[in-house]
């Protein structure tokens, strides 16, 4: 509650004659400036405000970052360190902090993504896949500040690594499953699509191969080497009309592409398919 | 003759110049600011469109806050989403063609409007503009402009009342009302327009009552006060302390202490009225809670409140670190940080304009009024308290659980608190009659300069050819 001073200028006590009178004494038309104690006192709030205002613009901006971002920064900074002991220390510290955070806040998709990223750096593929999958699931449908898109990009790496390990162990079918699983999460990754298409081509499963080539060509429609491969599969599948179209398309992109010229001449020397 | 006498006694009427400058530059802002560019304007426009059709509650089988909107509106909104950060711009020629497409209300698209909790009250001015606009030109872009026009007229009318009624500090309201962000919000389809103007009105009216020697708190005046408080409350949440400016009115004018306590309790009660009227109505519809667009982190008010109480020192440290880091950004926001791309003006602009605001407040002629120490403390408490409520409120509702970043807080949220704090600087010690009579020239010139700069800045940033 405001209790006003009971001075003559307090609200409610003003008279018209008082309001119109100036508080300044004039001498011969010239105003005389007295730096009275009241005037000095009145400057205090002004100086405080000016100091605060100046402080806002003069202080360096020290960014505040989330604890999980701080932890992943440690993990990432380990990459930039050459000393292996220091590297290990940074990685350990970052991992420990992330582990603590994930047990404290298991509902943040972002921490799952960072933890998956940490395991990727640690080359612990299964753990990395586990947490990246969590991040994708929890953040699915997110529209802003998303992590699902980054997680989908990163999850391919541990699957690739597992594929290589299993291939070395001659577990070819299991290795292929890793790639197919990776493809479930990332259908636009070109190297993955190309690898799958090539594997199925070698396995003579041309229908599947064509599917992955088409995924690949969705991202790189003018890759003439891949287009040529697709044309060859079409030829193997005795679909020479489609194959001709593809080779002609390649020659439109690069008129000097020898393979397409040769394949086209092969088709021209053959009788056309009867459909 | 009458005007000359008025000028001699009071100086040029500030409110009149405010309306003239506000109208000229407000109109320019309406057309140079791309449609749907103002923060959340698209959502507020959709809601205003529904209110213009008198559809206060949407009804559909899926029980979500969505309705059938003309396809043309949805398409215009999508087309307006330009990637400004990449340097893309609007083309006048491209826009010309889009401006001629009709509304075609029969071709509709089921579209989400994710703000059921906001009552229709702040949308009434825009909905009137849209309803009139449909008869003149029903192109969706034009409907946005009609909405903005109605908002601007409402804002200017309310600011006219503010400047006219405030007994002193007219220069503060004049200059801050014409500050780029305030006029920009006033010339956009957003609930901030009504919220800002109503906050200013409450301050002006309470100051008028406080310093009017003939004021008596009658039933009629009390009804008017509560009507204003309710409009303010219904327009936007987040500013519970502003209505308590009522206590600027001295005790002897309120009457007995129990009366003051009762009024205080009623003001407090007003805070809950929207929850128990509009909120209950919305709750009864059983709408599904729509998932928010951001899902990488989890938001939970209850957990954040629990954190504040269980770790008060940690919370204080978070608060101080964020103020240190974000104070400049928030200060920019109180003067001009625009739209969903958070467009900033250059820093020299904020520093200069900030200094002009501070010195205008300091030299504001108040010699005939005494801002007693208790009044200053009240203004300080409510001004700073409002800033604190906004910051803490954002931490509670808009920041990730366990996070250290106060997330998504915009400086424009502090606009209602700025004049309250500026009034603290008013000092009678440096009164100068010549400044009182002629400050309108300096303040008008400065406002014209800043707003002209803003228009040129917008034109270069948003438009090409």
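The table below gives the values:
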{"quantity": "Unmet requirement for residue A:142, which otherwise passes all of (1) assigned to a helix (DSSP H, G or I); (2) free of Cβ contacts under 8 Å to residues at least 40 places away in the same chain; (3) under 25 Å from residue A:182 (Cβ atoms)", "calculated": "(1)"}
{"quantity": "Among residues of region B:426-462, those that are modelled with pLDDT of 90 or more and not in a helix (DSSP H, G or I), counted", "calculated": "0"}
{"quantity": "Flag if residue B:282 is more than 30 Å from residue A:140 (Cα to Cα) and either part of a helix (DSSP H, G or I) or in contact (Cβ under 8 Å) with a residue 24 or more places away in the chain (or both)", "calculated": "no"}
{"quantity": "Residue check, residue A:154 more than 14 Å from every other protein chain (Cβ to nearest Cβ) and within 27 Å of residue A:190 (Cβ to Cβ)", "calculated": "yes"}
{"quantity": "Only one of B:231, B:273, B:225, B:263 that is in a helix (DSSP H, G or I), within 14 Å of chain A (Cβ to nearest Cβ) and surrounded by 13 or more Cβ atoms within 10 Å (Cβ to Cβ)", "calculated": "B:263"}
{"quantity": "Residue B:383 being over 28 Å from residue B:81 (Cα atoms), facing chain A (nearest Cβ under 9 Å) and buried (at least 20 other Cβ atoms within 10 Å of the Cβ)", "calculated": "no"}
{"quantity": "Complete set of residues in region B:321-348 that are under 22 Å from the mean Cα position of the chain (by Cα), facing chain A (nearest Cβ under 10 Å) and closer than 26 Å to residue B:187 by Cβ", "calculated": "B:328, B:329, B:330, B:331, B:332"}
{"quantity": "Every residue from region B:168-221 that is farther than 26 Å from residue B:454 by Cα and in a loop (DSSP other than H, G, I, E, B)", "calculated": "B:168, B:212, B:213, B:214, B:215, B:216, B:217, B:218"}
{"quantity": "Residue identified as more than 14 Å from chain B (Cβ to nearest Cβ), within 22 Å of residue B:405 (Cα to Cα), surrounded by fewer than 21 Cβ atoms within 10 Å (Cβ to Cβ) and out of contact with any helix residue (DSSP H, G or I) (no Cβ under 7 Å at 6 or more places or on another chain) among A:133, A:99", "calculated": "A:99"}
{"quantity": "Given (1) modelled with pLDDT under 90; (2) part of a helix (DSSP H, G or I); (3) more than 9 Å from every other protein chain (Cβ to nearest Cβ), index of the condition residue B:397 fails", "calculated": "(1)"}
{"quantity": "Candidates B:318, B:351, B:308 - the one that is buried (at least 16 other Cβ atoms within 10 Å of the Cβ), part of a helix (DSSP H, G or I) and away from chain A (no Cβ under 13 Å)", "calculated": "B:308"}
{"quantity": "Single residue of B:215, B:246 found to be within 14 Å of chain A (Cβ to nearest Cβ), touching a helix residue (DSSP H, G or I) at 6+ places or on another chain (Cβ under 7 Å) and surrounded by fewer than 18 Cβ atoms within 10 Å (Cβ to Cβ)", "calculated": "B:215"}
{"quantity": "Given (1) touching a helix residue (DSSP H, G or I) at 6+ places or on another chain (Cβ under 6 Å); (2) surrounded by fewer than 19 Cβ atoms within 10 Å (Cβ to Cβ); (3) modelled with pLDDT of 90 or more, number of the condition residue B:12 does not satisfy", "calculated": "(3)"}
{"quantity": "One residue from B:237, B:286 being out of contact with any strand residue (DSSP E or B) (no Cβ under 6 Å at 6 or more places or on another chain), at pLDDT below 90 and within 17 Å of residue B:122 (Cα to Cα)", "calculated": "B:237"}
{"quantity": "Residue count, region B:76-124 (criterion: touching a strand residue (DSSP E or B) at 6+ places or on another chain (Cβ under 7 Å) and outside any helix (DSSP H, G or I))", "calculated": "14"}
{"quantity": "Residue tally, condition surrounded by 15 or more Cβ atoms within 10 Å (Cβ to Cβ) and either in contact with a strand residue (DSSP E or B) (Cβ under 6 Å, 6 or more places away or on another chain) or more than 14 Å from every other protein chain (Cβ to nearest Cβ) (or both), over region B:420-441", "calculated": "2"}
{"quantity": "Every residue from region A:102-120 that is more than 10 Å from chain B (Cβ to nearest Cβ) and either more than 22 Å from residue A:149 (Cβ to Cβ) or outside any helix (DSSP H, G or I) (or both)", "calculated": "A:103"}
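So that you can scan it fast, the table gives a plain yes or no per residue for (1) facing chain B (nearest Cβ under 10 Å); (2) assigned to a helix (DSSP H, G or I); (3) at pLDDT below 90; (4) in contact with a helix residue (DSSP H, G or I) (Cβ under 8 Å, 6 or more places away or on another chain):
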{"site": "A:14", "(1), (2), (3), (4)": "yes, no, yes, yes"}
{"site": "A:46", "(1), (2), (3), (4)": "yes, yes, no, yes"}
{"site": "A:51", "(1), (2), (3), (4)": "no, yes, no, no"}
{"site": "A:61", "(1), (2), (3), (4)": "yes, no, yes, yes"}
{"site": "A:68", "(1), (2), (3), (4)": "yes, yes, no, yes"}
{"site": "A:72", "(1), (2), (3), (4)": "no, yes, no, yes"}
{"site": "A:82", "(1), (2), (3), (4)": "no, no, yes, no"}
{"site": "A:93", "(1), (2), (3), (4)": "no, yes, no, yes"}
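The values are calculated or read from the model by the stated rules, or taken from the named source; none is laboratory data. Just so you know, these numbers come straight off a predicted model, no measurement behind them. Neighbour counts are summed over all protein chains in view; Cβ atoms, including those assigned to glycine, are modelled from backbone coordinates with ideal geometry.
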